[in-house]
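Read the structure below first, then the notes.
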Amino acid sequence: MPENHLLKSRKSDHIRINLEEDVRSGLTTGLENYRLVHRALPETDLAKIDLSQTLFGRPVKLPLLISSMTGGTPEAGMINRRLAEAAQQTGIAMGLGSQRAAIEHPELADTFAVRSAAPDILLFANLGAVQLNAGYGLAECQRAVEMAGADALILHLNPLQEALQPEGDHNWRGLLLKIEGLCRSLPVPVIVKEVGWGISAGVARQLADAGVSAIDAAGAGGTSWSQVERFRLQDPLLIEVADAFRAWGLPTAESLLQIRQAAPHLPVFASGGLLNGVDAAKCLALGATLTGMAAAFLKAAAVSTEAVLDRVFVFRRQLEIAAFASGSQTLSELRDGTRIVKIER
């Protein structure tokens, strides 16, 4: 089967499986172990809650990132455009799915070209870090940024997912030095994220030393890509192998705290299993700069732009009320360390 068809087939499989199958992690996010401190006398005005910030030179009205999901097929192109339209209307950030398919097959670039629909948003291009071991370098990374008109490049880490793909990329040696070189030479910020198993303190420290501009925890507790790959497999023995990893990874709350401790000067994005604005408020109170969600937006974007806008409205209202009820008028107040406590069990 030609490689182009394999890539498109894999992307289509990923969309279908995420929409139709139970791909939840066997772990929880760990956010259930924390609660926001309710302030019965909040001394705030709900109508004047301001959770905006400027990040990488772009205004972000709400600390919400539509996390990287898809691209490379006509259906994915439609989904990305709807997500971008909603992001533009609401002033939130958006990450694109892996652009490898479009780098290798330029006719697919249109599925990632969303800047015309969202001229003002904070937009992240995306490539797999392991591609730096497969011949990719500065030129390919610049191409990904330019095709999207992106403000920064996300390099995603997905070693477990690749290991479970028979056709996956299995050589991860020497990537840290290549990431460091890219951070020095790429003219836009480089962000590193996991895809759902979290980043530990040790890796966060290595990435900070390498010069990355932000880290996305993308912890366990939401979509398990080992489960996604499990539903792509046909061989019953390989299915059995994948089944063992459903509860693998660092929960989102734990990864977020480890990254904050290891790299306190870096923006940290919290994603992986967040269900609503209260979960996001907890992550912000634990020190996150942005909070990311994917699955709910993917399902909404498969319907319409309006469905995505509905999801953002609900999220925003939940987050604003959580900030209000914890006595936080601004994002800096919500993040000041006094609004959240760990539950002793």
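The values are calculated or read from the model by the stated rules, or taken from the named source; none is laboratory data. All values derive from a computational prediction rather than experimental measurement. Cβ atoms come from the backbone with ideal geometry, glycine included; neighbour counts cover every protein chain shown. For the accessible areas, the whole protein counts, side chains as well, though only heavy atoms, and no ligand, DNA or RNA atoms are used. Shrake-Rupley method; radii C 1.70, N 1.55, O 1.52, S 1.80 Å.
Numbers for the structure displayed
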read-out: Among (1) part of a helix (DSSP H, G or I); (2) crowded, with 18+ Cβ neighbours inside 10 Å - the single one Ser332 does not satisfy; value: (2)
read-out: Criterion (more than 27 Å from Ala148 (Cβ to Cβ), free of Cβ contacts under 8 Å to residues at least 60 places away in the same chain, aliphatic (A, V, I, L, M) and open to solvent by 50 Å² or more (accessible area, probe 1.4 Å)) met by exactly one of Leu275, Leu176; value: Leu275
read-out: Subset of segment 261-280 [in a helix (DSSP H, G or I) and over 25 Å from Val23 (Cβ atoms)]; value: Gln261, Ala262
read-out: Those residues of segment 122-161 which are within 16 Å of the chain's Cα centre (by Cα), under 28 Å from Lys61 (Cβ atoms) and open to solvent by less than 10 Å² (accessible area, probe 1.4 Å), in sequence order; value: Leu122, Leu123, Phe124, Ala125, Asn126, Leu127, Ala152, Leu153, Ile154, Leu155
read-out: Counted residues, segment 80-91 - those being in contact with a helix residue (DSSP H, G or I) (Cβ under 7 Å, 6 or more places away or on another chain) and surrounded by 24 or more Cβ atoms within 10 Å (Cβ to Cβ); value: 4
read-out: Residues (within 20 Å of Pro187 (Cβ to Cβ) and of a type in the set (Gly, Ala, Ser)) located in segment 114-133; value: Ala125, Ala129
read-out: Complete set of residues in segment 46-68 that are more than 20 Å from Cys283 (Cα to Cα) and among the basic types (Lys, Arg); value: Lys48, Arg58
read-out: Residue match in segment 157-166 (condition: farther than 17 Å from Thr111 by Cα, touching a strand residue (DSSP E or B) at 6+ places or on another chain (Cβ under 7 Å) and at pLDDT 95 or above); value: yes
read-out: Inter-residue pairs, beta-carbon under 6 Å, first touching a residue at least 60 places away in the same chain (Cβ under 8 Å) and more than 19 Å from Ala208 (Cα to Cα) and in segment 146-162, second open to solvent by less than 10 Å² (accessible area, probe 1.4 Å) and outside any helix (DSSP H, G or I), 6+ apart; value: Asp151/Leu122; Asp151/Leu123
read-out: Any hit, segment 287-306, residues being in contact with a strand residue (DSSP E or B) (Cβ under 6 Å, 6 or more places away or on another chain), open to solvent by 10 Å² or more (accessible area, probe 1.4 Å) and of a type in the set (A, V, I, L, M, F, W, C); value: yes
read-out: Helices (runs of 4 or more DSSP H) (entirely within segment 95-176) containing at least 1 residues that are polar (S, T, N, Q); value: 138-148, 159-164
read-out: Selection count where residues are touching a helix residue (DSSP H, G or I) at 6+ places or on another chain (Cβ under 7 Å) and either farther than 26 Å from Leu290 by Cα or surrounded by 19 or more Cβ atoms within 10 Å (Cβ to Cβ) (or both), scope segment 187-200; value: 7
